[in-house]
Amino acid sequence: MSNKLKLFLGISYLIILIGFLLFLFLKLDFGRLNDFTYYKELQLMIEESVGNNFQLNLLYFFIFSVIWIILLGFGSPLLLLSGILFGKWIGFSISLISISLGTLILYSITDFFFRDLVKNNLEKRFYQYISIIKKNEFFYFFIFRFFGGLGVPFALQNTLPVIFNMKKINYFFASFLGFIPHFFIWNSLGAGLNNYILASESFNFYNLLFTPEIYIPIIFFIILVLISFILKKKFFNNDNK
């Protein structure tokens, strides 16, 4: 049963990924990717398309995000996209809710079907995380999420708590609250990029980089990454056995 589900999830992920890439291939004019006016045209087209049926597009994005996360998709592209499509605050809210729900469903599926597989493959590799998080699963998993998973890939972050049988309610709320800083940063970047394209007549990397809507989120992101690196070295260093 678990092998069939694993095959189904893998095939579904490939279908969605191929469909998305095919959509981009058909919609994008690759010959104009170095033309800044083309991005302005795309931006206006996106604003018109989203604005014509805002609530329905929010629903589409919500459903797509949940499915994407369940199928082990990356989180950061969704966060940038939500900022571009819906702006900083609405994009942040819809991505936070949808991705948090998606990670909970993924965790539940993994815990039900693949618990032994995950434990056999990850328990020895992440024993440092297990010993610390077990002390207070909500608090330490919240810290783990808050600082971006301390370098652990997003898909592994979502399934790792299976090893220590984390309660689903603790998993959801620790994830939901811990996601807030990184999600807000990435959505702010997406919204800032969208606003830059709307306001500018030509592309200038220097102007883009020093736009407050761009450099402020980048600074906060760098700070979180540095703190994450320090915490990982202090508490999860392989030498600290």
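Among the residues of region 193-212, is there at least one that is among the hydrophobic types (A, V, I, L, M, F, W, C) and touching a Lys or Arg at 6+ places or on another chain (Cβ under 9 Å)?
Yes, there is a match, as at least one residue in region 193-212 is among the hydrophobic types (A, V, I, L, M, F, W, C) and touching a Lys or Arg at 6+ places or on another chain (Cβ under 9 Å).
Which numbered condition in (1) at pLDDT 80 or above; (2) closer than 30 Å to LYS167 by Cα is the only one that GLY87 fails?
Only one criterion is unmet by GLY87, namely (2).
Quick one: in region 110-125, of everything that is among the aliphatic types (A, V, I, L, M) and farther than 13 Å from ASN165 by Cα, which residue is nearest to the chain's Cα centre (by Cα)?
Per the criteria, the residue is LEU122.
Looking at SER93, SER49 in this structure, which one is surrounded by 15 or more Cβ atoms within 10 Å (Cβ to Cβ) and without any contact (Cβ under 8 Å) to a residue 12 or more places away in the chain?
Among SER93, SER49, only SER93 is surrounded by 15 or more Cβ atoms within 10 Å (Cβ to Cβ) and without any contact (Cβ under 8 Å) to a residue 12 or more places away in the chain.
Can you run down the residue pairs with Cβ atoms below 8 Å, 6 or more apart or on separate chains, where the first is in region 105-130 and farther than 20 Å from GLY151 by Cβ and of a type in the set (A, V, I, L, M) and the partner is exposed (fewer than 15 other Cβ atoms within 10 Å of the Cβ) and modelled with pLDDT under 75?
Pairs found: ILE109/LEU5; LEU117/SER2.
Those residues that are within 21 Å of the chain's Cα centre (by Cα), farther than 17 Å from LYS232 by Cα and among the basic types (Lys, Arg), I need them from region 126-182; list them, please.
LYS168
Considering region 72-82 alone, what residues qualify as being part of a loop (DSSP other than H, G, I, E, B) and surrounded by 20 or more Cβ atoms within 10 Å (Cβ to Cβ)?
Within region 72-82, GLY73, GLY75 meet the criteria.
Would you please list the contacts, defined by Cβ atoms under 7 Å and residues six or more apart or on different chains, that run from a residue in region 180-208 that is farther than 26 Å from ILE99 by Cβ to a residue that is not polar (S, T, N, Q)?
SER202/PHE36; PHE203/PHE36; LEU208/TYR196; LEU208/ILE214
Taking only region 109-129 into account, find how many residues are at pLDDT below 75 and either of a type in the set (S, T, N, Q) or in contact with a Phe, Trp or Tyr (Cβ under 6 Å, 6 or more places away or on another chain) (or both).
Residues flagged as at pLDDT below 75 and either of a type in the set (S, T, N, Q) or in contact with a Phe, Trp or Tyr (Cβ under 6 Å, 6 or more places away or on another chain) (or both) within region 109-129 amount to 1.
Of the residues ASN170, ASN194, only one is of a type in the set (S, T, N, Q) and closer than 22 Å to PRO77 by Cβ; which?
When all the criteria are applied, what remains is ASN194.
The values are calculated or read from the model by the stated rules, or taken from the named source; none is laboratory data. Not measured: the values here are computed from a predicted model. Positions of Cβ are backbone-derived with ideal geometry, glycine not excepted, and every protein chain shown enters the neighbour counts.
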